[in-house]
Amino acid sequence: MNAPLDESYWSSRWAHQQTSWDIGYPSTPLTSYINALCDHELRILIPGAGNGYEAEYLWKRGFSRTWLLDISHHPLQQFASRNPDFPLDQLIHDDFFEHRGTYDLILEQTFFCALDPALRGHYAQHMHELLAPRGRLAGVLFSFPLTTEGPPFGGSEKEYRERFSPLFELLRLEPCSDSIPPRAGRELLIELEKMG
């Protein structure tokens, strides 16, 4: 990792359309997870939301209490232009680690693997702080050897179990069965429930 992964870094990536992670639609493992949700009153946060395709998917299915968080304003503006009826106060331009709030569900779309690996312990702690009692962190993490060439930086099931088990009950941590072809065999579905 050469440059600090700060607002300037990510905004430059968006401004120069260096967004190879953006597949242009909601990822299939997350749409499968969302399709199984029943409680439309859930307060849902999507950190590192990017273009927010999963948020759009939730919104169109009646999950009106959905917030997008991104360190760069570029993707939030793009989301707002595509979804003019979405409440602007639910688009949050902020650093994840500075954000405060309480949520029932936080959806993870490889945001963890885009962060400097030195921040992973802080990530787990902050997720715990943001979740309501028995709140859940669910979504997709990459499954490939940790590298310094990221982002993304990768990780393993063993690391995730060790990282999250002190703070969360691991409900699911398994290979994704419905990844898009370029990511097949490289994604894990997680569902964690806050303890304490």
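We did not get these values from a lab; they are worked out from the coordinates using the rules stated. Note that this is a predicted model, so its numbers are computed, not measured. A quick note on method: Cβ atoms are made from the backbone with ideal geometry, for glycine too, and the neighbour counts reach across all protein chains shown.
For residue 180, the amide hydrogen comes within under 5 Å of the amide hydrogens of 28, counting only partners 5 or more places away or on other chains and with H modelled in the peptide plane.
With only Cα atoms counted, the range 113-196 has Rg and Dmax values of 12.8, 38 Å. Under a model in which nothing but the beta-carbon of Lys, Arg (+1) and Asp, Glu (-1) is charged, the chain shows a dipole of about 280 debye around its Cα centre.
How do 68-76, 183-191, 94-102 rank on mean C-beta neighbours within 10 Å, highest first?
Details: 68-76: 22.2, 183-191: 18.4, 94-102: 13.1.
Going from most to least packed, we get 68-76, 183-191, 94-102.
Which net charge results when you count Lys and Arg as +1 and Asp and Glu as -1 among the other residues whose beta-carbon is under 13 Å from that of residue 171? It would help to have the intermediate numbers written out before the result.
Working: positive: 134, 136, 161, 172, 194; negative: 169, 174, 191, 193.
Local charge sum for residue 171: +1.
Backbone geometry of the range 12-29 corresponds, through the Karplus equation with coefficients 6.51, -1.76 and 1.60 at θ = phi - 60°, to 3J(HN,Hα) couplings of 5, 4, 5, 4, 9, 6, 9, 10, 4, 6, 7, 8, x, 6, x, 5, 5, x Hz, x marking Gly and Pro.
DSSP loop (so not H, G, I, E, B), at most 11 other Cβ within 10 Å: list which GluC sites (Glu not before Pro) in the range 112-168 pass both filters. Write out the running numbers ahead of the final one.
On the way: sites: 129, 149, 157, 159, 162; in loops: 149.
Passing both the DSSP loop test and the Cβ count: 149.
Taking Lys and Arg as +1 and Asp and Glu as -1, the other residues whose beta-carbon sits under 15 Å from that of residue 26 total -2. Computed from backbone phi with θ = phi - 60° and the Karplus coefficients 6.51, -1.76 and 1.60, the 3J(HN,Hα) list for the range 93-105 is 9, 6, 7, 3, 6, 9, 6, 10, x, 9, 10, 8, 9 Hz; x is used for glycine and proline.
Rg over Rh for the chain works out to 0.92, using Cα positions for both radii and the Kirkwood form for Rh. Remark: spin-label model distance residue 78-residue 156 equals 3.4 nm, labels positioned 7 Å along the Cα→Cβ axis.
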